[in-house]
Every structure is written in C-alpha cells, then in structure tokens.
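Each remark here refers to the structure printed beneath this line.
The values are calculated or read from the model by the stated rules, or taken from the named source; none is laboratory data. From a predicted model like this one, the values you see are computed outputs, not experimental measurements. Positions of Cβ are backbone-derived with ideal geometry, glycine not excepted, and every protein chain shown enters the neighbour counts.
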Amino acid sequence: MIKVVFLGPPGAGKGTQAKIISQKYNIPLIVLGDILREAVKNQTELGKIAKKYMDKGELVPDEIVCKIIKEALIKVNAKERGFILDGFPRTLEQAKALEKMLKELDLSLDKVLFLDVPDEELIKRMLARGREDDTVDIIKNRLKVYYEKTTPVINYYEEKGILEKVDGLGDVDKVTLRIEKALGL
Ligand code: AMP
C-alpha cells in the first residue's frame, strides 16, 4: 500500500506512468484533469465553471479542485488501499491544502515522485498527442503556469525529504522501472 503524488510538467508522461503503476499494483488512481474533463463533458455546474479556466490553460480555482480531491480520496477508500494522485497539487497552496485534508482523513503521504523531462521534449510530445487543448500557444502557457506555480511545490516536498526525482527520458518501460525503484515497489 502506497500513498503517492506524481509531479511533473505537462507532457512528461506522468499520466501514462501513473496508470501503469496503478494497474500493476492495484493502487487507486486519482487523475484530477480526467475528473475535470468528465465534468466538462457532462456539463455539470462544476464543469461549466472549470471549462472557462481549462480552455485558457489556466488553473481551476483551489476551492473547486480541493473539494474534488477530498471526495475522490474518500470514494476510493484511500485509507485501506492507498492512492496515486496525478495533477494535484500544482501550487504551494494546494500542497498545504492536501496536507490538511490528508490529516483530516487520518492519512499521510509516503512519497512524491517528480518526473523530470526537458522543455523541448515536452513541447514535442504534447504536439504529438494532439489533444484539443494542445496548441502551441496553450502548451507554452501551460508550461509557464507550471514553472511559476509548481516549482515551489517541488521545493516544499524536497524540504520534507519525501521527493523522489526520476529521469523521464527514454522508453516507457525503462521509466517505469526507475519509478518502481524510486517508490520501493
Ligand atoms: P491536465 O490534464 O493535468 O493537463 O489538466 C488539464 C487542465 O485542468 C489544466 O490546464 C487546468 O485548467 C485544469 N487542472 C488540472 N489540474 C489542476 C489543479 N491541480 N489545479 C487547478 N486546475 C487544474
């Protein structure tokens, strides 16, 4: 049983790797971006608000995303089964909010996995996957938002001594092996 956050810039392959690890070890996977896209698709109240931000590559307000994450942690029975969080936290405020909500649920983080990939490779990969919000301008904005907001999160977990940095370049299988080693799986 492991409780872990996957961090990394958009396009780093963290979604792919989180899915592989989740399936292989039967750990519940909570992907914030997927939950938000589902809400947009279903045109829920929350989805309508979220869409305005997502269309511009901006972060959806903390109040909304924190509520989603807390509900998801309860729903997957994180206490018994652990969890992999993908896409949250992305800001220092969210990292602190996560700590608070985990405490309320009598949970704690084991590790934070940071998948490291250089910018040129990220832009190349994102253009190749051709998602609706993957145009060059939106990609550049998302990387900018990422560096501004997420660097303090990485530093925060590094100071706590739970950050595991993994090289995200190379074959999917090889990266998976590095992650397994870093997480002690
Ligand atoms: P992703 O699938 O992780 O690339 O996320 C797609 C979009 O969902 C982002 O561009 C944001 O608009 C929104 N989003 C995802 N994660 C978060 C988060 N932790 N906080 C706020 N907004 C988020």
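The table for this structure:
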quantity: Among (1) under 29 Å from Ile74 (Cβ atoms); (2) surrounded by 11 or more Cβ atoms within 10 Å (Cβ to Cβ) - the single one Gly161 does not satisfy; calculated: (2)
quantity: Residues of segment 42-81 satisfying the condition of being more than 21 Å from Glu93 (Cα to Cα), β-branched (Val, Ile, Thr) and surrounded by 15 or more Cβ atoms within 10 Å (Cβ to Cβ); calculated: Val76
quantity: Looking only at segment 51-60, and only at residues there that are near the ligand (Cβ under 7 Å from one of its atoms) and of a type outside the set (Asp, Glu), the one that is modelled with the lowest pLDDT; calculated: Gly57
quantity: Every residue from segment 97-124 that is over 16 Å from Leu73 (Cα atoms) and under 17 Å from the mean Cα position of the chain (by Cα); calculated: Lys111, Val112, Leu113, Phe114, Leu115, Asp116, Val117, Leu122
quantity: Selection count, segment 61-116, where residues are within 16 Å of the ligand (Cβ to nearest atom) and assigned to a helix (DSSP H, G or I); calculated: 23
quantity: Positions within segment 112-156 being touching a helix residue (DSSP H, G or I) at 6+ places or on another chain (Cβ under 9 Å), in contact (Cβ under 8 Å) with a residue 24 or more places away in the chain, surrounded by fewer than 18 Cβ atoms within 10 Å (Cβ to Cβ) and of a type in the set (D, E, K, R), in sequence order; calculated: Asp119, Asp133, Lys149
